[in-house]
Structures are given as structure tokens and as C-alpha cells.
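The values are calculated or read from the model by the stated rules, or taken from the named source; none is laboratory data. This one's a predicted model, so the numbers in the text were calculated from it and none came from an experiment. Neighbour counts run over all protein chains shown; Cβ positions are idealised from the backbone, glycine included. Areas reflect the complete protein model, heavy atoms only, side chains present, ligands, DNA and RNA absent. Shrake-Rupley method; radii C 1.70, N 1.55, O 1.52, S 1.80 Å.
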Amino acid sequence: SQRVDMAGGGCLAVMVMGLTLREGVLSRMPAEAGSVAEADCVLRAGWASFGAPVIFGLLGASMDTSLLSAPLVAGSFVVIVCGLAGRAVACWLCVRSHGWSAAEQLFGVVTWCPKATVQAALSSVALDYVAEHLAGLPEYGAEMERAEALLTCAVLSIMVTAPLFAAVIAKVGQWVLDGERHQLELLQAEAAAGGRGRGLQVASGEEGEE
């Protein structure tokens, strides 16, 4: 990504490559779906046991808590709230025209609110850039302060949204699924009752003919 001057292109290329391989295998070799599922399980386990701890540990280690100040923390929370509001509105606008129920739309909005992986992966980009390209220049101090502010904001967004919305997703998801299950049971009961009613009508008609 550095050679073609596209910051973040490497992460995007890896994601697109994985998606392309998966769809290509499933479309051309449907019999290999089991192998794809096995690979998916291995990658999930590797991310949960190694990838996530490493990336979040490095993120926490790169943050200097001595630089925290009340204005910086307050400003970070304002940015987080504005970002969550924007994501919620964007998600609602995307799903409202697809026939989703109000509960499903709410669940979609909630699932878009947590922030963790992307922030952890990209939060130190500005810090690394300043340290690599601006060292020794007059603007190094000011730019490093701004990079530290970005990193702090990213860490706070993870600390605030990840655990909070994980609990909210569990509660809202259970509520939505229970509601859908109840509606399905009602539809099945109505269908069964309708079938019994039609059966009685047919039986009574046959008796009348006799």
C-alpha cells in the first residue's frame, strides 16, 4: 500500500481477497463448502485466541495515559457520540426500505454502534506517520500531540462502546428473536386453525350431500 500511495490498502486487499476466494470456491466448487466452513472455524479461533489479544494489547501499550486531560477526554466523548449518531442514522436509512420490522431495524442500528477492531487497527497510523516522517521538524511536537489525541479517542471509543453495546446487543437480540418466534407461533397456530376449519367445512358439506 505504501508503494502505490494508498494508506490502508493492504487491509482492504486482504479482506477482498478472502471474500473473493470464499465466493469463488463456493460458486465453482459447491462440494467444498464443508472445507470453507472448517477454514472459517480455524480462522475464527486464531483471531479469538491470538489476533485480537495481540492487536488490542499493542494498542493499549502505545497509549500514554499521562497525556490524558479533561478537555481531551470530553472532546473524545463528543466525537464518539456524534459518530454513533451518524452510524445509527446511516444504518436506519439503509434498512428501512427493505421490509424490516421496527424491532429488526432497532437491532440493526444497535449492532452498528460498537467500535473496536477498525479503531484498534487504524488508531496508531497517525502516530506512526508522525514518528517516521516528521521527526526533527519544527511541527513534530504539535503533530505528535494531535496523533496522541486521535489514539486516545480511538481507545476511549473501544472502552466505551465495545462492552456496553455487547450487553445491549445480547438483550435486544433476545427480545427481537423472542418476538419473531412468538409471531411465527401465532402464524402457525392460525394456519393450523384455518386448516381445521376448512376440514370441518368439507366434512359438513359431504354430510349435507348424503
| note | Order by accessible surface, 1.4 Å probe, largest leading, for residues HIS98, HIS133 comes to HIS98, HIS133
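Of the heavy-atom accessible surface of the range 15-156 (probe 1.4 angstrom), what whole percent is carbon and sulfur?
Within the range 15-156, the accessible surface is 69 percent carbon and sulfur.
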| request: With a cut-off of at most 13 other beta carbons within 10 Å, and DSSP calling the residue loop, which trypsin sites (Lys or Arg not before Pro) in the range 53-132 qualify? Please list them. | output: ARG96
| task | Any chance you could look up the accessible area of TYR140 with a 1.4 Å probe, heavy atoms only, rounded to 10 Å²? | result | 80 Å²
| request: Would you mind computing Rg(Cα) / (2.2 N^0.38 Å) for the range 45-166, counting N as its residues? | output: 1.26
| task | Compute the relative contact order of the range 65-174 as a whole-number percentage, counting only Cα pairs closer than 8 Å that sit 6 or more residues apart in sequence. | result | 37 percent
| query | Leaving out ligands, DNA and RNA but keeping every protein chain, what accessible area does PHE50 have, in Å² rounded to the nearest 10, with a 1.4 Å probe? | reply | 140 Å²
